[in-house]
Amino acid sequence: MPQFKAPVDDVRFLLHEVLDAQQLTALPGYEEATPDLVDAILDEAAKLSENALFPLNQSGDQEGCRFENGVVRTPTGFKEAYETFVAGGWTSLAGDPAYGGQGLPKLLEFVMTEMFSAANLSFSIYPGLSHGAYNALEAFGTETQKSIYLPKLLDGSWSGTMCLTEPHCGTDLGLIRTKAVPGDIDAATGEQSYKLTGTKIFISAGEHDLTDNIVHLVLAKLPDAPEGVRGISLFVVPKFKPKAENGSWQAGPRNGIACGSIEHKMGIKASSTCVMNLDEAEGYLVGAPHKGMRAMFVMMNAARLAVGLQGLGVAEVSYQNALAYAKDRLQGRALSGAANPDKPADPIIVHPDVRKNLLTMKAFTEGARALAFWIGLTIDHQINNPDPKARQEADDLVQLMTPIIKANLTDMGYEAANLGMQVLGGHGYIQEWGLEQYVRDARITQIYEGANGIQALDLVGRKMPAHMGRYLRRFFHPVAEFLEQNRDDPAMAEFIRPLARAFEQLQMITGLVAQRGLENPEEAGAASSDYLRMFGLVALGYMWARMAKAAGQQLPQANGRADFYDAKLKTARFFMKRILPQTAALALAIKGGAEPLMAMDVDQF
Ligand SMILES: Cc1cc2nc3c(=O)[nH]c(=O)nc-3n(C[C@H](O)[C@H](O)[C@H](O)COP(=O)(O)OP(=O)(O)OC[C@H]3O[C@@H](n4cnc5c(N)ncnc54)[C@H](O)[C@@H]3O)c2cc1C
């Protein structure tokens, strides 16, 4: 049977000893987010993940969702788990207190997203999409829309979706065909209504039995829309239209949006993936006409970071299970002589190659967690720092790192799940042990919310050149500063030297990609995914150096935790010596340019 323990110790190390999350208490609105409160929330989240969500992960996968007479039934236990989730206040954690939220830092939302995804990725998708809908409506909704939908999304009684994809368009949203034509003024809300007609596919949580209502955010085109993405508008289309009752908003009459079928798919089987048919469904414009992509990007950027955390969560649970197996499974003898002479064989954790797999998983998971939480903390500055310059700088860094977190953490999450399966050998391939589910579940994270190749294009095409490299400087400057500050510290030399080398390569390759891309955009496209990977490795290297520094400082007074800090230093060494050097190969591949990719005629493939 698979097992899961929330990585609370590691989270605490990052929040309190590496990232200094206590700084958030100095930001307006976060005064109460003290280390004690954060620790108490972590403990509760761990209990929920381990006792309510994780036990439904395997059974949910095996049972899957069912589509019956237009209704989607989630697997046994999901409804009760969702009720527990809502009762614990987990849907409102970082929401605006004006709408019933708890106003806690976004950083905590990051921590929870990883934990809940690790425990049960399918389950976490339902409340996860509500966050996305909340973000878009909070930023672009009318006051009426905010007063109707935000409290319901925060109290968990209504959930959200993102309806973008259509049968003929996924990446290229400029091609969407769903039409919106102006209708009457809605009597209940006083808002101008629109009638939406079209078909959306692959809609996560499009229909389910967990909430009283579902709030769809739908991309569609108005009759006078310009061609392409400049002609897309965003609408809120509730499954049940809101009606005022006893001074509050409730789910009223059924709207013309319905689930036509659900997909049978490789993984996340307990998350419903729906075909949604809109037949003159009533919707209300969110934001300005034809400016839907702007609003959608608010939702998508938050969702992209959340998907990165999903990759991280699956990596963590895969690592835990691979580690337990490797300590237990007896096969062969250690190359240096029997480690376990009284037993017929040694545990496979003695073998260097098994260790390499485990350490790759561990180094990735802990490094990625640090990177993601650093960006979570930065988001809190982006939103709440009273200094406009600090807000701008935080925003730049978040913009830059969003495609890196999305693509890198999901690529590595999938790799980690695969390595975990390898550690279990044939047993990894068998359902009972859980690893094969993690591999299947992790795979979609590399595809949805913008396939990872598209994230790489976003990095080289938008983020790299933005404001003459200003976004890049928000990452390059703190790394350069850290290297400078620690250059003369002998205890840090083994971390600083390899990081400095890889960082230099990254800067050199950045210049090369920028220059070649200006001359020929295909050069930037050809470099993009290798460049994103390289960037991600350097970012993890920076986080590992910071963690090594914190661990080295804590070790002398560690008492009972010496092993924890010592393991951090050893993992940091592994990362610097065995993983980070991959940047050199990536740099060479990028230098190889676009020609080897583009020289082949289509018929020659
Ligand atoms: C389980 C699941 C859940 C989903 N949930 C949702 C949801 O809730 N809401 C929603 O709207 N959608 C959802 N999707 C859809 C998902 O976001 C899309 O599948 C994804 O964006 C890719 O679109 P596509 O499948 O049409 O692939 P395509 O756009 O056809 O792309 C195919 C391949 O070509 C590459 N490619 C395409 N264009 C370019 C380009 N210009 N340059 C370089 N490479 C390119 C892509 O990277 C990809 O590898 C979901 C999909 C699945 C399978």
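Largest first, what is the accessible-area ranking of Arg487, Arg369, Arg73, Arg294 with a 1.4 Å probe?
Accessible-area ranking of Arg487, Arg369, Arg73, Arg294, largest first: Arg294, Arg487, Arg73, Arg369.
List residues of the range 342-382, by number, whose backbone nitrogen lies under 11 Å from a label position 7 Å along Cα→C-beta of Gln331.
348-349, 354
Using a 1.4 Å probe and ignoring any ligands, DNA or RNA, find the accessible area of Ile125 and quote it in Å² to the nearest 10.
Per-residue accessible area (Ile125): approximately 10 Å².
What part of the accessible area of the range 221-380, given as a whole %, is carbon or sulfur when the probe is 1.4 angstrom?
52 percent
How large is the accessible surface of His427 in square angstrom, using a 1.4 angstrom probe and rounding to the nearest 10?
Accessible surface of His427 is approximately 70 Å².
Give, in nm to one decimal, the length gained when the segment between Ala87 and Asn277 is fully stretched (0.36 nm per residue of separation minus the Cα-Cα distance).
In short, 65.2 nm is gained.
Per residue of the range 74-91, what does 6.51 cos²θ - 1.76 cosθ + 1.60 with θ = phi - 60° give for ³J(HN,Hα)? Whole Hz please, x for Gly and Pro, Karplus curve as stated.
So the Karplus estimates, Gly and Pro as x, are 6, x, 3, x, 5, 5, 5, 5, 5, 4, 5, 4, 5, 4, x, x, 6, 7 Hz.
With the crude spin-label approximation of a point 7 Å out along Cα→Cβ, what separation in nm comes out for Val71 versus Asp209?
Reported label-point gap for Val71 and Asp209 is 0.6 nm.
For Cα pairs less than 8 Å apart in space and 6+ apart in sequence, what is the mean separation divided by the residue count of the chain, i.e. the relative contact order in percent?
13 percent
Any chance you could look up the accessible area of Glu245 with a 1.4 Å probe, heavy atoms only, rounded to 10 Å²?
80 Å²
Assuming R0 = 45 Å, can you tell me the calculated FRET efficiency for the pair Asp601 and Arg497, based on Cβ-Cβ distance, to the nearest 0.05?
The pair Asp601/Arg497 has a calculated efficiency of 0.50.
State the Cα centre-to-centre distance between the range 216-249 and the range 101-115 in whole Å.
28 Å
Over all alpha-carbon pairs in the range 222-291, figure out the percentage whose distance exceeds 21 Å.
50 percent
Roughly how many Å² is the accessible area per residue of the chain, as a whole number, for a 1.4 Å probe?
For the chain, the per-residue accessible area is 41 Å².
If Met115, Met508, Met468 are ordered by their accessible area, calculated over protein heavy atoms with a 1.4 Å probe, which sequence runs from highest to lowest? If you can, show how the numbers build up before the last one.
Values: Met115 5, Met508 85, Met468 170 Å².
My answer, sorted largest first, is Met468, Met508, Met115.
Using a 7 Å offset from Cα along Cα-Cβ at Ala480, what residues in the range 457-474 end up with backbone N under 19 Å from the label point?
464-474
Looking at this model, which pairs from Lys200/Lys221; Lys5/Lys570; Lys179/Lys291; Lys343/Lys570; Lys463/Lys577 are more than 18 angstrom apart at the alpha-carbon?
Flagged as over cut-off: Lys5/Lys570; Lys343/Lys570; Lys463/Lys577.
Could you please put Phe202, Phe297, Phe13 in sequence from largest to smallest accessible area, using a 1.4 Å probe?
The ranking, largest first, comes out as Phe202, Phe297, Phe13.
For Cys169 and His16, FRET efficiency with R0 = 51 Å and r from the beta-carbon atoms, rounded to 0.05? Don't skip to the end; give the middle numbers.
Values: r = 46 Å, r/R0 = 0.90.
That pair, His16 with Cys169, gives E of 0.65.
Suppose each label sits 7 Å from its Cα in the direction of the beta carbon; what would the Thr34-Met1 distance come out to in nanometres?
3.9 nm
Set the Förster radius R0 to 22 Å, insert the Cβ-Cβ distance between Ala466 and Ala26 as r into 1/(1 + (r/R0)^6), and round the FRET efficiency to 0.05.
Values: r = 29 Å, r/R0 = 1.31.
Using R0 = 22 Å, I get an efficiency of 0.15.
Return, for the Cα atoms of the range 530-599, the radius of gyration and Dmax in Å, separated by a comma.
Using the Cα atoms of the range 530-599, the pair Rg, Dmax is 17.0, 61 Å.
Taking the simple approach of a point 7 Å from Cα along Cα-to-Cβ for both Val8 and Gln431, what is their distance in nm?
Calculated label separation equals 3.3 nm.
Accessible area of the range 1-149 with a 1.4 Å probe: how many percent of it is carbon plus sulfur?
51 percent
Find the centroid of the Cα atoms in the range 59-89 and in the range 415-462, then give the distance between the two in whole Å.
24 Å
Stokes-Einstein at 10 °C, 1.306 mPa s, Kirkwood radius from Cα pairs: D for the chain in µm² s⁻¹?
Once the numbers are plugged in, D ends up at 63 µm²/s.
Express in nm, to one decimal, how much length is gained between Arg355 and Ala585 on full extension, taking 0.36 nm for each residue of separation and deducting their alpha carbon distance.
Contour length minus Cα-Cα distance gives 80.5 nm.
Using the alpha-carbon centroid of each, what span in Å lies between the range 151-178 and the range 266-328?
11 Å
Express the carbon and sulfur contribution to the solvent-accessible surface of the range 461-552 as a percent, rounded to the nearest whole number, probe 1.4 angstrom. Each step should come with its number before you reach the end.
Working: 2080 of 4080 Å².
Reported share for carbon and sulfur atoms: 51 percent.
The values are calculated or read from the model by the stated rules, or taken from the named source; none is laboratory data. Every value quoted in this text rests on a predicted model; they were computed, and no experiment measured them. Ideal geometry is used to build each Cβ from the backbone, glycine not excepted, and the neighbour counts take in all protein chains shown. Surface areas here come from the heavy atoms of the whole protein model, side chains and all, with no ligands, DNA or RNA. Shrake-Rupley method; radii C 1.70, N 1.55, O 1.52, S 1.80 Å.
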